[in-house]
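Here's the structure we're looking at; comments come further down.
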Amino acid sequence: VVELTDDAAVAAATAEAGRIDILVNNAGITGGNGTTWELDPAVWKRVIDVNLIGPYLTCRHVAPVMLKAGYGRIVNIASVAGKEGNPNASHYSASKAGLIALTKSLAKELATQGILVNAVSPAAAKTAIFDQMSEQHINFMLGKIPMGRFVQVGEIAALIGWLSSEDCSFSTGAVFDISGGRATS
């Protein structure tokens, strides 16, 4: 287990791993729900640290390893909340919007180096992260999905699998929507 918000710990884990061809930044927390003015600053900061600083640190250490090999695939797990913003989740929405911007910037930096960087922007999936959310917020999210159901983890995994493969050879800096029609732009 690596604390992804600890630069030295991420550096050590990367050095220990050796060659890295695929990085999927999937760690994330919601930090609960509340209006922007009610959320505790420490909670806000922790969500940003885990959801944005963690992926930055892993990319910071893994990209040079991939550059040496001349190959790599980085997939950042963002959220439809990062594209649209969710009420009562400004910290989560802001962290995922930042991750989308990090994806686009890093993709442009690595575009000619054989390393592709993309993001996946799912709607909510029923996972343990639901334990951090209010029932009202869960129902709000479901109500926004035209398909009327939550995305299945296997559906997200299939998209990540393609983005991590050699078959994905000309997509970089993209945000792939998997939201059941919620996000259309």
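For the range 28-38, state whether one or more residues are assigned to a helix (DSSP H, G or I) and aliphatic (A, V, I, L, M).
no
Please give the number of the condition residue 49 fails out of (1) of a type in the set (Asp, Glu); (2) within 25 Å of residue 128 (Cβ to Cβ); (3) open to solvent by 60 Å² or more (accessible area, probe 1.4 Å); (4) part of a helix (DSSP H, G or I).
With (1) of a type in the set (Asp, Glu); (2) within 25 Å of residue 128 (Cβ to Cβ); (3) open to solvent by 60 Å² or more (accessible area, probe 1.4 Å); (4) part of a helix (DSSP H, G or I) applied to residue 49, the lone miss is (3).
Determine the pairs where a residue that is in contact (Cβ under 8 Å) with a residue 40 or more places away in the chain, located within the range 13-24, has a partner that is of a type in the set (Lys, Arg) and open to solvent by less than 80 Å² (accessible area, probe 1.4 Å) with Cβ atoms under 7 Å apart, the partner being 6 or more residues away or on another chain.
Close Cβ pairs (under 7 Å, with a partner that is of a type in the set (Lys, Arg) and open to solvent by less than 80 Å² (accessible area, probe 1.4 Å)) amount to 21/73; 22/73.
Kindly indicate which of 13, 63 is open to solvent by 20 Å² or more (accessible area, probe 1.4 Å) and in a helix (DSSP H, G or I).
None of the other options fit; the residue is 13.
Name the pairs: first residue in the range 122-147 and farther than 15 Å from residue 181 by Cβ and of a type in the set (Lys, Arg), second residue open to solvent by less than 80 Å² (accessible area, probe 1.4 Å) and in a helix (DSSP H, G or I), Cβ to Cβ under 9 Å, at least 6 apart or on different chains?
126/138
As an exercise: evaluate residue 30 against (1) of a type in the set (Val, Ile, Thr); (2) at pLDDT 95 or above; (3) within 15 Å of residue 93 (Cα to Cα) and give the number of the one condition it does not meet.
Going through the list (1) of a type in the set (Val, Ile, Thr); (2) at pLDDT 95 or above; (3) within 15 Å of residue 93 (Cα to Cα), residue 30 breaks only (2).
On the given criteria, is residue 125 of a type in the set (A, V, I, L, M), at pLDDT below 95, open to solvent by less than 50 Å² (accessible area, probe 1.4 Å) and under 17 Å from the mean Cα position of the chain (by Cα)? Give the steps one after another, and end with the answer.
Working: of a type in the set (A, V, I, L, M): yes; at pLDDT below 95: yes; open to solvent by less than 50 Å² (accessible area, probe 1.4 Å): yes; under 17 Å from the mean Cα position of the chain (by Cα): yes.
The answer is yes for residue 125.
The values are calculated or read from the model by the stated rules, or taken from the named source; none is laboratory data. Computed from a predicted model, the values in this text were never measured in an experiment. Reconstructed Cβ throughout: ideal geometry from the backbone, glycine too, with neighbour counts over all protein chains shown. These area figures cover heavy atoms from the full protein model, side chains too; ligands, DNA and RNA do not enter into them. Shrake-Rupley method; radii C 1.70, N 1.55, O 1.52, S 1.80 Å.
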